[in-house]
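To keep things clear, I will list the structure first and then write my remarks on it.
No value in this document is a laboratory result; all are computed from the given coordinates. Here the structure is a predicted model, which means the values were calculated and not measured. Don't worry about glycine lacking a Cβ; one is built from the backbone with ideal geometry, like all the others, and counts go over all protein chains shown.
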Amino acid sequence: MTNFQDRERAEEAHFAHDEEMQFRVHARRNRLLGQWAAGRMGLSAAESESYAKSVVQADFEEAGDEDVVRKLLGDLVGAGVDVSEGDIRTAMAEKEVEARRALMGEG
């Protein structure tokens, strides 16, 4: 019976690790997206850092990525940047790869 319990605990630990890693990847991706968008809007370094944090916070509004896409699209268009939802989703995919690579390099 202890063998089964050990395997169950190992699976739970693995699942928890995967969930934490996914959370960290998304948080880093969103920060990178915020920096990307801030650069497109011509924000200063201090404004860029603050904006990147606001993009990370926006992801907590609802499940999935739609809240982040909505924020970025609204902010970029509001700042007069010529950008489409497709541009944002492409940047999101690129920044997710970048974030995952950075986190894997830390481990």
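Each Lys or Arg adds one and each Asp or Glu subtracts one; over the other residues with Cβ under 12 Å from the Cβ of LEU76, this totals -1.
Comparing VAL77, VAL25, VAL69 in a Gaussian network model of the chain (Cα springs below 10 Å), the most mobile by mean-square fluctuation is VAL77. Among the chymotrypsin sites (Phe, Trp or Tyr not before Pro) within the range 1-84, those in coil by DSSP and having at most 16 neighbouring Cβ atoms inside 10 Å are PHE60.
The slack in the chain from GLU66 to ALA16, taken as 0.36 nm per residue of separation less the alpha-carbon distance, amounts to 15.6 nm. Placing a label point 7 Å from the Cα of LEU103 along the Cα-to-Cβ direction, the residues of the range 1-22 whose backbone N falls under 11 Å of that point are 17-22.
Computed over the chain, the P(r) curve from all C-alpha pair distances, binned at 5 Å from the origin, holds 2, 12, 19, 21, 15, 9, 6, 5, 4, 3, 2, 1, 0 percent per bin. Over all other residues within a Cβ to Cβ distance under 12 Å of GLU62, the charged ones net out to -3, with Lys and Arg as +1 and Asp and Glu as -1. Each Lys and Arg Cβ is given +1 and each Asp and Glu Cβ -1; about its Cα centre, the range 2-106 then shows a dipole of about 380 debye. Taking the inverse of the mean reciprocal distance over all distinct Cα pairs, the Kirkwood hydrodynamic radius of the range 10-69 comes to 12.4 Å.
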